[in-house]
Ligand code: 3HC
């Protein structure tokens with residue numbers, strides 16, 4: 001084997017008759033090679049030392065153990081394997097207690113499960129999030145957790161991937177005790193009481209809860225229903241369920257373990273695993289700005305303001321409150337403000353009713369949100385997000401007022417999906433403090449946040465807004481100030497192709513089904529029905545704007561009073577009180593007529609063509625965005641598409657998907673389509689170049705390497 005240096009270590013100390021093993025692999029203590037080696041070595045050492053009677057396993061810093069080292073997957077790992085290390089802990093002659101000082105996730109919780117006892121601080125968090133990486137808990141989690149808390153609860157935890165608090169973990173029986181004071185002192189006390197016992201419990205020996213579930217298929221059926229609802233198209237959930245099925249039905253623990261290993265390996269070699277790990281690291285990479293030093297000081301944020309109390313403003317205010325930041329919501333219309341506050345209250349109430357938060361938690365967040373009618377009240381806020389409707393003059397007027405009313409250090413952000421941030425910044429005396437924050441609706445739920453970097457936005461402003469995004473638990477991505485930013489600019493070509501396919505002979509139902517079977521959460525026509533077809537139609541009427549070819553069908557539907565879901569008919573028909581789309585055959589004459597009128601021959605179109613044309617439209621525009629440096633790296637666009645536009649996470653985003661297909665294959669397909677539309681299917685120069693070099697999308701080219709220079713006005717993307 002190569003003699004690479006092992007990563008991470010375990011510290012060994014003793015306190016009287018207790019040995020303390022402290023995992024030390026900053027920042028979050030994953031089980032890297034050096035940690036696995038250290039665990040093996042020191043468990044043996046403690047067992048061989050006659051003065052030691054009990055062992056405590058804990059973590060240095062804020063984590064217990066964050067799981068396996070994710071960067072090792074797909075590599076050849078050094079050092080001992082995890083199973084060997086865990087077996088040594090499980091069969092330690094002396095009792096082992098896991099003192100869970102912080103997050104115990106994935107392999108971290110699995111490590112705790114081979115210990116005889118588990119104690120957490122009240123801040124501890126435990127979970128098995130492997131499913132989010134396209135994996136299953138492969139270090140015994142699928143066999144031990146069901147033994148400990150029952151298969152039903154265990155499946156919920158493994159299929160959702162969502163960790164639980166110490167309090168909940170104690171209730172469910174994942175941990176035996178919570179320490180309210182010094183964890184290590186409490187752990188020692190706990191262990192001293194157990195030392196005299198001849199036997200110490202092992203999770204592997206607990207079979208009651210599994211035997212109970214034998215023969216009752218509802219546990220597995222419910223899990224399958226949950227997986228198909230929340231994780232459509234994913235490979236790992238079925239594997240997890242199969243592991244638990246084995247745990248329930250196999251008498252021999254080790255047979256179950258063997259199955260888990262087999263199923264884990266299948267996940268490991270499945271392409272979904274690579275795609276989802278790309279997204280794990282991609283999200284963390286996206287939060288960093290290449291040319292801004294890590295040490296850039298942040299502007300402290302203690303209080304925020306939001307201008308506008310509509311759907312967007314309200315959602316943004318909720319984000320601040322949820323992250324513990326007091327926020328003032330300003331609206332100059334008293335009625336609007338009252339209505340807006342009412343909507344916020346209702347949204348939280350719904351969460352209480354659904355068990356997503358307690359009444360007490362609701363009171364706390366509501367207490368952080370205060371309405372105001374006056375700009376003067378914003379004098380001491382550290383950041384304001386303006387969230388009124390998209391109108392440059394209106395936004396400029398608001399920014400003038402904000403510039404006057406707020407402290408000169410306050411950051412002024414505009415929530416816009418497409419306006420020129422520099423034009424907004426230019427009316428203030430602090431353009432370096434102005435930035436765009438493009439939240440997605442509903443802003444309190446959607447994870448995507450596009451942070452728009454103006455010409456003059458300072459490093460401090462950018463770094464601060466990115467850190468607020470992190471506090472809000474958003475997937476934040478930086479975009480330069482260019483029309484449509486990243487997401488909507490890519491969407492343009494996608495929607496354009498969907499509309500062309502409709503004109504060329506495919507029906508909305510076929511197009512939507514094809515894209516949903518690819519994994520998109522909602523097809524484009526169902527989406528348009530949801531948003532409302534009348535918005536564009538009305539705007540065109542008002543502005544006396546000629547309908548572009550691709551909107552002709554939607555406008556014709558509006559002429560027949562078909563506006564979408566809002567009035568139960570659009571591209572689809574909806575029965576009363578239902579959002580389920582039913583095909584609308586009565587529309588087909590309209591489609592034919594418009595195709596005919598525009599000399600487009602309708603033809604049979606394959607599902608594959610639908611998928612290729614819509615998805616490759618995203619890819620080609622993405623290549624252009626990367627070439628211009630509007631996005632910093634191709635992974636950023638993957639994060640945007642997955643978190644804001646319903647792209648399947650298990651395909652790793654559109655750019656990763658293109659890399660996986662091979663860029664030469666992408667070009668080949670585009671060349672085929674260019675018979676239909678030469679202009680549209682011209683490959684972006686960067687795509688062509690990378691394909692010629694047999695390379696893949698990655699970092700954006702540097703200024704010097706760039707063929708095209710960016711300016712807000714130059715880039716024209718049509719309808720957005
Ligand atoms: N392996 C390798 N690196 C990891 C890691 C892991 N398990 N977990 C986190 N990191 C890295 C991150 O990439 C990041 O690196 P960077 O600073 O270079 O960007 C750094 O540690 C800090 O991570 P975060 O920015 O995410 O820190 P937070 O404080 O926001 O969150 C956390 C901490 C909640 C632990 C979060 O990092 C997390 O969720 N980690 C992943 C947990 C996980 O999925 N574990 C399961 C792994 S798979 C497994 O265990 C298989 C087993 O069953 C066999």
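Each of residue 250 and residue 358 was given a label point 7 Å from its Cα along the Cα-to-Cβ line. The distance between the two points is 4.0 nm.
Bridges between two residues of the chain, per DSSP, are antiparallel at a rate of about 30%. As a calculated quantity, the FRET efficiency between residue 214 and residue 290 at R0 = 45 Å, using C-beta atoms, amounts to about 0.20. Between residue 374 and residue 298, the modelled label-to-label distance comes to 3.2 nm, taking each label 7 Å out from Cα in the direction of the beta carbon. Highest average first, the peptides 572-583, 369-380, 57-68, 110-121 ordered by how many other beta carbon atoms sit within 10 Å of their residues are 110-121, 57-68, 369-380, 572-583. Full extension of the chain between residue 44 and residue 589 yields a length gain of 188.4 nm, computed as 0.36 nm times the residue separation minus the alpha carbon distance.
Round to the nearest 0.05 the FRET efficiency obtained for residue 338 and residue 401 when R0 = 35 Å and r is the Cβ-Cβ distance. That gives a FRET efficiency of 0.95. As a proxy for reagent exposure, 628, 668 were ordered by neighbouring Cβ count within 10 angstrom, fewest first; the result is 668, 628.
For the pair residue 456 and residue 579, the difference between a 0.36 nm per residue extended length and the Cα-Cα distance amounts to 39.8 nm. Here the residues 257, 158, 341, ranked from fewest to most Cβ neighbours within 10 Å of their Cβ, fall in the order 341, 257, 158.
Each stretch of four or more DSSP H residues adds -39500 (n - 2.57); spread over every residue of the chain, this sum gives -14500 deg cm²/dmol at 222 nm. With a Förster radius of 30 Å, plug the Cβ-Cβ distance of residue 167 and residue 345 into 1/(1 + (r/R0)^6) and report the FRET value to the nearest 0.05. Working from the Cβ atoms, E equals 0.70.
Could you calculate the contour length gain from residue 182 to residue 538, that is, 0.36 nm times the residue separation minus the distance between their Cα atoms, to one decimal place in nm?
121.7 nm
Summary of packing: across the peptides 142-154, 319-331, 207-219, the per-residue average of other C-beta atoms within 10 Å ranks them, highest first, as 142-154, 319-331, 207-219. Annotation for residue 366 and residue 266: the two label points, set 7 Å from Cα along the Cα-Cβ direction, are 4.9 nm apart.
Bear in mind these aren't lab numbers, they're just calculated from the coordinates by the rules spelled out. Quick caveat: nothing in here was measured; it's all calculated off a predicted structure. So basically every Cβ, Gly included, is an ideal-geometry build from the backbone, and we count neighbours across all protein chains shown.
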